[in-house]
Amino acid sequence: MLDAEAALARACARKHLITAQAGEAIAAACRAERFDAGGLAAAGAAASAAAALADRHRATPMAGRTLLQQALPTSFGLRAAGWMVAIDEAGTALEQVRDRGAAVQMGDRSETAPALGRLAGGGVLDDHRLNL
């Protein structure tokens, strides 16, 4: 995804849609080493902490909530188990992105497509394997 963003910034700069300085600044910001990949370890530690809370408080009662309204009682352990599952699923999703990459989309509104087509049509983005 970072490669696509950097390629798009450079292409826009070559077509004078943004300044060359802005294009290089964006491309420089798109280096993977600038981002903390330790999120997976943090997710694992957070899931373990939530699992410990769930186990320790499996019988600790608390008010249940449904749409911010009080509902039938539940346990704090069940609540913490829900956090554990959510964190674990997020960690799995991060692993999938790390291992397989992420799909990127270039464009938003229908008016964007013609501008991107002009970039691609001139061969500007061809060397970056971006199919537009």
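A short reminder: the numbers here are calculations on the coordinates, not readings from a lab. For clarity, every value in this text was computed on a predicted model and none was experimentally measured. Don't worry about glycine lacking a Cβ; one is built from the backbone with ideal geometry, like all the others, and counts go over all protein chains shown.
Things to note:
- A cut-off of 5 Å between modelled amide H atoms, ignoring neighbours fewer than 5 places along the same chain, links G64 with A71, T74.
- For the range 37-101, the relative contact order is 38 percent, taking Cα pairs closer than 8 Å that sit 6 or more residues apart in sequence and dividing their mean separation by the residue count.
- With the Kirkwood sum run over all distinct C-alpha pairs, the range 37-101 has a hydrodynamic radius of 12.9 Å.
- Here the spin labels are modelled as points 7 Å beyond Cα on the Cα-Cβ line, and at E89 and A42 they lie 2.1 nm apart.
- Förster-model FRET efficiency, 35 Å R0, A52 and A102, C-beta, rounded to 0.05: 0.65
- Distance between modelled label sites at D3 and R34, nm, 7 Å Cα→Cβ extension: 1.8 nm
- Spin-label model distance (nm) - H16 vs F76, 7 Å beyond Cα toward Cβ: 6.6 nm
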